[in-house]
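All of the numbers you see were taken from the coordinates with simple rules; none came from a lab. The structure displayed is predicted, hence computed values, not measured ones. When we count neighbours, we look across all protein chains shown, and the Cβ atoms used for this are built from the backbone with ideal geometry, even at glycine.
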Amino acid sequence: MKKLLCLAVSLMLLCSATALAESLFTPGTYESVKKGFGGDVKVTVTVSDTEITDIAIEGESETPALGGVAVETLGPAILKAQTPNVDGLSGATVTSTAIIAAATEALTKAGADIAALDANRKDASEEAAKEEKTIDTEIVIVGAGGAGMAAAIMANQAGKDFVILEKMPYVGGNTTKATGGMNAAETHYQKEQGIEDSVELFAADTMKGGHDLNDPELVRTLAEQSAGAIDWLDSIGADLPKISFSGGASTNRIHAPADGSAVGNYLVDKFSAKLKELGVEVMLNTKATELIMEDGKIAGVKAEGPDAYYTINAKAVILATGGFGANEDMYTQYRPDLKGTVTTNAPGATGDGIVMAQAVGADLVDIEQIQLHPTVEQTTSMLITESVRGDGAILVNQSGHRFTNELLTRDAVSAAELAQEGQYAYIIFDQHLRDNLKAIEKYVKNGLTVQADTLEELARKLNIYPYFLTMTMNAWNEAVATQNDAAYGRTTGMNDNLTTPPYYAIQIAPGIHHTMGGVKIDTSAEVIDTNGNPIPGLFAAGEVTGGVHGGNRLGGNAVADIVIFGRIAAESAIEYVGK
Ligand code: FAD
Ligand code: MEZ
């Protein structure tokens, strides 16, 4: 009897062990919360005993244009793969990592063996054969950053048939990352705020900042059309009324959103909303791979999307593919000395348009001119906007001393930093400055700031001798009071002193920021070939081009460039296809 009972118990154990081996999860709903880019990311998974049946991801604080896309796309990817270990979204690494970690933890709570889920992943070898598709249209816009989206709005408003391609799963490119603002002269905002400026001064500052390498005709166009570009932005609801200083400008010229938030996200949101209102759909995840030429003229592009290879026949193409600051192979080809330098750029900035244009004979200008931005936090590659200095911050070295006029051009400030011990510096500001520049909240949220109630405490936290930092700050506040920076001759960004505690510091050093060179264009945004002639039907705008910025771009001039030349490229293409 005793033996029989033992056999029954053993069989039951064996049966339940077999059942357990087949079941992957304990059915139910489980959740986990991890820290994302802007705040918490919560993942809730629902599982049956063999399947992940549902996943909900909440991350309202993530940047809509990047982290928000990860929040939308990673859930379906995890459901499809039936494992949390899916590819993160490039450009939204922090949010992606948080989602994957939270999903892993929630599934572990559900009893999952993650290695077993990985071994049985369901999306492997599912790459379906792609179809060949042909699209006939009038204009193809390649790249949905600022220049491409501005061109798309114009093409739509002119009633043209066009497509706009974007290789990433989201729009915006480097434009989304733009922070400080957009330069423009003689704008209605400057006039309303009593700021004196002129097209001539804007052009002269740009040429001087660019070491006179710039194409003066392109610079003239930039300066002349800048106030009109601000009016055009107003007309689509993208007002930029807050005006401040940026390095190399002779006056207050950089225009930003009213609350001092980052200009790029703001513009990309406004452009996206306008395109939506106009019914324009961007072909996402679709990469242009080649320009098609027939009889010496542009005839369209070849592209690859998630499900198809496209031949897009068109009379005109606008290249708006941005620069190559995220392509280390490409920038070290032109500047080997930059190997290993951090970059502030979005992952799509890989120079595709430059390579495609070169393949059809386009000339390149200033291709080796690559800008280092002096205030980049090195562990995150996050740009600390020039507006922090423009609004009054100073730079000190590890000894607590200033070492430069902080608002010289970027090449000069970067070189001064690299000459300091350790090749880094601290940017120092106070609560008053923080209160007036919303962009700073991102740095605080991401833990980049060291904060202290007194300068002595701040110095101690930074391992600086308190006496030196205090002396430096007193001298600076005196310079602001007398409007005389005897030490370094700074004359701009001196409206407010730094006396309101708490005080803040961020450790920074230079990082790759802008590729000034690119495809040669004329003032109509026509691409010029190596013989000096326009390539019929090919237009380009924005960071893919060279010539506007010369040897050093002034802060705020790239956003001006993309709005102005994005619109010009569209106008020229519209006129060309109408012929
Ligand atoms: P992007 O905005 O980069 O757009 C190009 C798009 O093309 C991308 O979305 C890319 O994915 C896509 N693409 C690329 N190749 C292909 C392909 N083969 N097929 C399809 N799509 C493709 N400038 C200022 O004036 N003021 C600022 O405050 C400022 N702040 C900045 C802050 C940061 C951190 C960075 C990185 C730059 C900043 N800049 C600023 C510079 C400025 O943002 C850029 O130069 C400008 O936005 C570039 O715009 P674009 O439209 O030319 O390119
Ligand atoms: O033009 C720029 O790159 C810029 C103003 C960047 C910034 O520091 O915000």
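How much net charge surrounds residue 402 when only other residues with a Cβ under 15 Å from its Cβ are counted (Lys, Arg +1; Asp, Glu -1)?
Neighbourhood net charge equals -3.
Restricting things to Cα coordinates, could you compute the convex hull volume per residue of the chain in Å³?
Per residue, the Cα convex hull of the chain comes to 178 Å³.
Taking a virtual spin label 7 Å from the Cα of residue 499 along the C-beta vector, which residues in the range 443-467 bring their backbone nitrogen under 18 Å of it?
453-456
Quick check on the exposure proxy: order 121, 410, 490 from fewest to most C-beta atoms within 10 angstrom.
Working: 121 15, 410 24, 490 21.
With the fewest neighbours first, 121, 410, 490 line up as 121, 490, 410.
Starting with the fewest neighbours, write out 476, 232 ranked by other beta-carbon atoms found within 10 Å of each beta-carbon.
Arranged by neighbour count, lowest to highest, 476, 232 become 232, 476.
How far apart, in nanometres, would the label points at residue 307 and residue 49 be if each is projected 7 angstrom from Cα along the Cα-to-Cβ direction?
Placing both labels 7 Å beyond Cα along the Cβ direction yields 3.7 nm.
Gap in Å between the Cα centre of the range 74-102 and the Cα centre of the range 358-396?
After rounding, the separation between the Cα centres reads 30 Å.
Summing +1 for each Lys or Arg and -1 for each Asp or Glu, what net charge is found among the other residues whose Cβ lies under 12 Å from the Cβ of residue 567?
Its environment carries a net charge of -3.
Taking 30 Å as R0, compute the FRET efficiency from the Cβ-Cβ separation of residue 129 and residue 276 and round it to 0.05.
For residue 129 and residue 276, the calculated efficiency is 0.40.
Given a Förster radius of 25 Å and the C-beta distance between residue 118 and residue 328 as r, what FRET efficiency does 1/(1 + (r/R0)^6) yield to the nearest 0.05?
Details: r = 30 Å, r/R0 = 1.18.
FRET efficiency, residue 118 to residue 328: 0.25.
Lysines within cross-link reach of residue 445: Cα-Cα under 16 Å, excluding same-chain residues under 8 positions apart?
Here the lysines satisfying the reach criterion relative to residue 445 are 34, 35.
Explain nothing, just compute: Karplus ³J(HN,Hα) = 6.51 cos²θ - 1.76 cosθ + 1.60, θ = phi - 60°, for every residue of the range 54-63 in order, whole Hz, x for Gly and Pro.
Once θ is set to phi - 60°, the couplings for the range 54-63 become 7, 9, 10, 10, 10, x, 4, 7, 6, 4 Hz.
When the helix-only estimate is applied to the chain (DSSP H runs of n ≥ 4, each -39,500 (n - 2.57), divided by the residue count), what is the mean residue ellipticity at 222 nm, nearest 500 deg cm²/dmol?
So the helix-based figure for the chain works out to -11000 deg cm²/dmol.
Quick one, could you list the DSSP H helices from the chain stretching 30 Å or more along their long axis (Cα atoms) with average Kyte-Doolittle hydropathy of -1.0 or above?
Those that pass (Cα extent of 30 Å or more, hydropathy at least -1.0) are 2-22, 557-578.
Could you work out the local net charge near residue 529, counting Lys and Arg as +1, Asp and Glu as -1, over the other residues with Cβ closer than 11 Å to its Cβ?
-1
For the range 35-132, what does the relative contact order come out to in percent, with C-alpha contacts under 8 Å and a separation of six or more? Let's see the in-between values first.
On the way: 136 pairs, mean separation 27.4, N = 98.
Result for the range 35-132 is 28 percent.
For a quick check: sort 37, 539 by the number of other beta carbons within 10 angstrom, fewest at the front.
37, 539
To make sure I understand the rule: partners must be lysines, Cα under 24 Å from the Cα of residue 339, and not fewer than 8 residues away in the same chain. Which ones qualify?
Cross-link targets: 177.
Using Cα centres only, tell me the gap between the range 476-538 and the range 400-423 in whole Å.
14
Points 7 angstrom from Cα along the Cβ direction at residue 188 and residue 451: gap in nanometres?
Using points 7 Å along Cα→Cβ, the separation is 3.9 nm.
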